[in-house]
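Here is the structure we will look at, set down as structure tokens.
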Amino acid sequence: MPRLIVTLLAALLLSGPAMAQGNTCQWAHDGECDEPRYNGTGACDDGTDAADCQATGTIPVGGSTLVPGGAGTVGTALAAPSPDVSGDDSCRWALDGECDESRYGGTGACPAGSDTTDCTGGGTQAGGGFSPVPSDFGDDSCQWAHDGECDDTRYGGTGACRPGTDASDCRAAAAGGDDSCRWAFDGECDEPGIGLGLCTTGTDTTDCAPVAFLRNRTNRCASAFDGTCDEPGRGTGRCDADSDTADCLGRGRPPQAADHYFGRDDRFAPDSSRLPWRAIGQLTDGDGDGVCTATLIGSRHVLTAAHCVIDDEGAVAMPERFQAGFSGRRDAGQARAVRVIAAPDYTDEPRGAGEGNGNDWAIVELDQPLGDRVGYLGVRTLTREELDRIDRSGLVVSQAGYSWDTGDHLSGHAGCRVIEHYRDGTILHECDTTSGDSGSPIWVEEPDGRVSIIAVDSQFFSKQDAVTPFGTANLAVDSRAFIAAVNRALGR
């Protein structure tokens, strides 16, 4: 059929783009729609997975559903259906007066059909309940559209996009979720935010069910980790909704979660006005956005990770400034970055454990002696006795950094362990770190009460055995890799 005729017919059917007319993709005829314009996995180009996308009745980007019309033909377009309002109250958060199903624009803490009373009749939204997902999904005009993560709050999204501007990313979540992702049913959550991010929001529902209650939740509240729930509806109301997770939902974390914290979130909120916490701060870029964590190790120098100050092309990405003891809108002092000293052989090429990851370190020089006023921490290498202790039972350490979910507030973990060391100057540790903690210090306490940095946090690493239920371990670069550079920078 000529392309013009297909286009005109599709327009008459109000279905957005015309239905694919070919099955040339290598993933065609596998029973899964792989065309991105029909909210498929994206493994196939548009127009190359016709049979699968018709057979599954996948919703195209215009907000309509396709009824199969035979391989290679255009299906009949129907209005997008409203979600089934049937269900029960089996969710742990049911009957709390708050809708927690994402298909009704709720929090997303409950799977579809498990918070029926709150979402259809007893919810707190004006009018005495929540409206089902409208047939008009909107468009993809948001700058964050097509990134795989739903940002429309109507469907339990992050709120980064205005309602109706992130249609493709939110389509599956708006319909209650499905398992259309090619990595569904692999036992691992692959949705963004709560999982690995390989699947679009709402397309790995079964695998993500154990961690769905964590979607779009943070610990950004200033009183997070104090043991008192301060969210509205559940606690005192002093915090914004979904911003006091550890206090309101508990510390336990399923192993499927992206931030699994080895089963329990043991972080706390340090007092950033006191040492050693005051010497830890945030590197920021020209827009004032946090880049990574760094620590004062001298009057004019801070220690961080190389990937925080080296771009994808291998060039220096000079941070704008360092803010020591940063907390909320306050800090203990700040200075501009003027020079970067990074591992000369740094590369972001992935390598196996112990196979050359000890080059992810950097030292940033400041334009003023901030450390003389704020204070700084010492750096030393692991002793032979400490290396032996790691081999036997693990070495007890502490860590602190600016985790992604705590916003402008420092989070720390005291009493975590280093569990493995390698000859390339790296270690594996069990401190509760996540994105944003890169470059954060890991230290030991000396007999006189002082602390000494022995490593900087680097990256998530594939688990090293088949026994642990957690998908990743945490890798840090220890000071064996950078002590010589530190001594040179400090004039020792």
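What number of residues within the stretch 352-377 are more than 10 Å from Thr426 (Cβ to Cβ) and charged (D, E, K, R)?
Within the stretch 352-377, residues that are more than 10 Å from Thr426 (Cβ to Cβ) and charged (D, E, K, R) number 4.
Among the residues of the stretch 451-468, is there at least one that is among the acidic types (Asp, Glu) and over 30 Å from Asp408 (Cα atoms)? Give the derivation first.
Residues of the stretch 451-468 that are among the acidic types (Asp, Glu), as a first pass: 457, 465.
Keeping just the survivors that are over 30 Å from Asp408 (Cα atoms) gives 465.
Among the residues of the stretch 451-468, at least one is among the acidic types (Asp, Glu) and over 30 Å from Asp408 (Cα atoms), which makes the answer yes.
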Scan the stretch 292-336 for residues that are surrounded by fewer than 21 Cβ atoms within 10 Å (Cβ to Cβ) and under 17 Å from Trp361 (Cβ atoms) and jot them down. Ile310, Asp311, Gly314, Val316, Ala317, Met318
Within the stretch 229-251, can one find any residue that is β-branched (Val, Ile, Thr), crowded, with 22+ Cβ neighbours inside 10 Å, modelled with pLDDT of 95 or more and under 19 Å from the mean Cα position of the chain (by Cα)? yes
Selected residue (only one of Arg423, Arg480, Arg417 is closer than 22 Å to Asn357 by Cα, surrounded by fewer than 21 Cβ atoms within 10 Å (Cβ to Cβ), of a type outside the set (S, T, N, Q) and without any contact (Cβ under 8 Å) to a residue 60 or more places away in the chain): Arg417
Counting residues that are closer than 30 Å to Glu420 by Cα and in contact with a helix residue (DSSP H, G or I) (Cβ under 9 Å, 6 or more places away or on another chain), which strands (runs of 3 or more DSSP E) fully inside the stretch 321-390 reach at least 2? 333-342, 362-366
Among Ser398, Ser411, Ser403, which is the only one that is without any contact (Cβ under 8 Å) to a residue 60 or more places away in the chain and not assigned by TED's automatic domain parsing to the domain that holds Ala305? Ser398
Restricting the stretch 276-294 to residues that are assigned to a loop (DSSP other than H, G, I, E, B) and modelled with pLDDT under 95, which is nearest to His307 (Cα to Cα)? Asp285
Of (1) surrounded by fewer than 18 Cβ atoms within 10 Å (Cβ to Cβ); (2) of a type in the set (D, E, K, R); (3) modelled with pLDDT under 90, Arg154 satisfies every one except (1)
Report the residue count in the stretch 151-171 for those that are of a type in the set (Gly, Ala, Ser) and within 12 Å of Pro192 (Cβ to Cβ). 2
Considering the stretch 175-206 alone, what residues qualify as being of a type in the set (A, V, I, L, M, F, W, C) and either assigned by TED's automatic domain parsing to the domain that holds Thr472 or over 22 Å from Thr218 (Cα atoms) (or both)? Ala175, Cys181, Trp183, Ala184, Phe185
If you go through Ala246, Ala184, Ala172, Ala209, the only one that is in a helix (DSSP H, G or I), without any contact (Cβ under 8 Å) to a residue 40 or more places away in the chain and of a type in the set (Gly, Ala, Ser) is Ala246
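Taking Ala362 as the residue in question, decide whether it is crowded, with 21+ Cβ neighbours inside 10 Å and farther than 30 Å from Ser462 by Cβ. Don't jump to the end; show me each part of the working.
Details: crowded, with 21+ Cβ neighbours inside 10 Å: yes; farther than 30 Å from Ser462 by Cβ: no.
For Ala362, the condition - crowded, with 21+ Cβ neighbours inside 10 Å and farther than 30 Å from Ser462 by Cβ - is not met.
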So how many residues does the stretch 436-459 have that are within 24 Å of Gly407 (Cα to Cα) and surrounded by fewer than 16 Cβ atoms within 10 Å (Cβ to Cβ)? 0
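Among residues belonging to the stretch 117-144 that are in contact with a helix residue (DSSP H, G or I) (Cβ under 6 Å, 6 or more places away or on another chain) and not acidic (Asp, Glu), point out the one that is modelled with the highest pLDDT. Outline the logic, then answer.
Applying the first criterion (in contact with a helix residue (DSSP H, G or I) (Cβ under 6 Å, 6 or more places away or on another chain)) to the stretch 117-144 yields 119, 129-130, 133, 137-140.
Pick out the ones that are also not acidic (Asp, Glu) and you get 119, 129-130, 133, 137-138.
On the way: Cys119: 77, Gly129: 44, Phe130: 46, Val133: 47, Phe137: 72, Gly138: 85.
If we take residues in the stretch 117-144 being in contact with a helix residue (DSSP H, G or I) (Cβ under 6 Å, 6 or more places away or on another chain) and not acidic (Asp, Glu), then Gly138 is modelled with the highest pLDDT.
So if I check each of Leu377, Leu410, which one is crowded, with 20+ Cβ neighbours inside 10 Å and over 15 Å from Gln282 (Cα atoms)? Don't jump to the end; show me each part of the working.
Numbers: Leu410 fails: over 15 Å from Gln282 (Cα atoms).
None of the other options fit; the residue is Leu377.
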Of all residues in the stretch 383-438, which are touching a Phe, Trp or Tyr at 6+ places or on another chain (Cβ under 9 Å) and of a type in the set (Asp, Glu)? Asp408, Glu430, Asp432, Asp437
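The values are calculated or read from the model by the stated rules, or taken from the named source; none is laboratory data. Model, not experiment: these values are computed from the prediction. Cβ sites come from the backbone with ideal geometry, for glycine too, and all protein chains shown count toward neighbours.
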